[in-house]
1. Name the residues in region 76-92 that are over 25 Å from the mean Cα position of the chain (by Cα) and surrounded by fewer than 14 Cβ atoms within 10 Å (Cβ to Cβ), would you?
2. Between residues in region 22-34 that are within 12 Å of residue 58 (Cβ to Cβ) and surrounded by fewer than 20 Cβ atoms within 10 Å (Cβ to Cβ) and residues that are of a type in the set (Lys, Arg) and at pLDDT 95 or above, which pairs lie under 7 Å by C-beta distance while being six or more apart or on different chains?
3. Is there a residue being surrounded by 15 or more Cβ atoms within 10 Å (Cβ to Cβ), within 30 Å of residue 91 (Cβ to Cβ) and in contact (Cβ under 8 Å) with a residue 40 or more places away in the chain anywhere in region 37-55?
4. Consider residue 64 against the criteria (1) among the hydrophobic types (A, V, I, L, M, F, W, C); (2) in contact (Cβ under 8 Å) with a residue 12 or more places away in the chain; (3) over 17 Å from residue 111 (Cα atoms): it satisfies all of them except one. Which criterion is unmet?
Amino acid sequence: MHEFSIALSIIEIAEEEARKVNSDTISELVLDIGTMAGIEFHALDFAMESATRNTLLDGAKIVVNKIQANGRCKDCGHEFEIMTAFDQCPKCKGYFIETLNGKELKIKSLVAE
């Protein structure tokens with residue numbers, strides 16, 4: 001379950017940012033995670049719940065914004081929502097799809113007190 005190591009990295013980055021402003025508590029953390037980021041959302045929720053214990057994020061509200069992946073067909077230029085790396089263009093049925101977004105995994109904001 002690589003989500004646990006991702007959770008640890010998120011916590012490390014968030015704590016580092018909170019310490020920059022001399023904070024000892026983070027009350028809210030907002031994450032933007034794309035649907036094609038390779039993250040199992042339920043596993044990340046579980047990992048964050050476990051990994052935040054006894055950290056600056058202990059008891060924090062954690063909000064995960066799922067960013068829908070979008071792609072563009074390189075054959076016809078049509079843009080559409082993609083669910084997998086192997087999606088077919090709904091317009092021309094081509095398979096040469098460029099992923100425009102949906103692979104992101106970032107801390108959007110945090111509230112440090």
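1. 76, 77, 90, 91, 92
2. Note: pairs meeting the criteria are 27/61.
3. Looking for residues that are surrounded by 15 or more Cβ atoms within 10 Å (Cβ to Cβ), within 30 Å of residue 91 (Cβ to Cβ) and in contact (Cβ under 8 Å) with a residue 40 or more places away in the chain, one finds at least one in region 37-55, hence yes.
4. The one condition residue 64 does not meet is (3).
Quick grid of which residues meet (1) touching a Cys at 6+ places or on another chain (Cβ under 6 Å); (2) farther than 30 Å from residue 19 by Cβ; (3) free of Cβ contacts under 8 Å to residues at least 60 places away in the same chain:
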position	(1), (2), (3)
79	no, yes, yes
82	no, yes, yes
86	no, yes, yes
98	no, yes, yes
102	no, yes, no
105	no, no, no
111	no, no, no
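The values are calculated or read from the model by the stated rules, or taken from the named source; none is laboratory data. These numbers come from a predicted model, not from an experiment. So basically every Cβ, Gly included, is an ideal-geometry build from the backbone, and we count neighbours across all protein chains shown.
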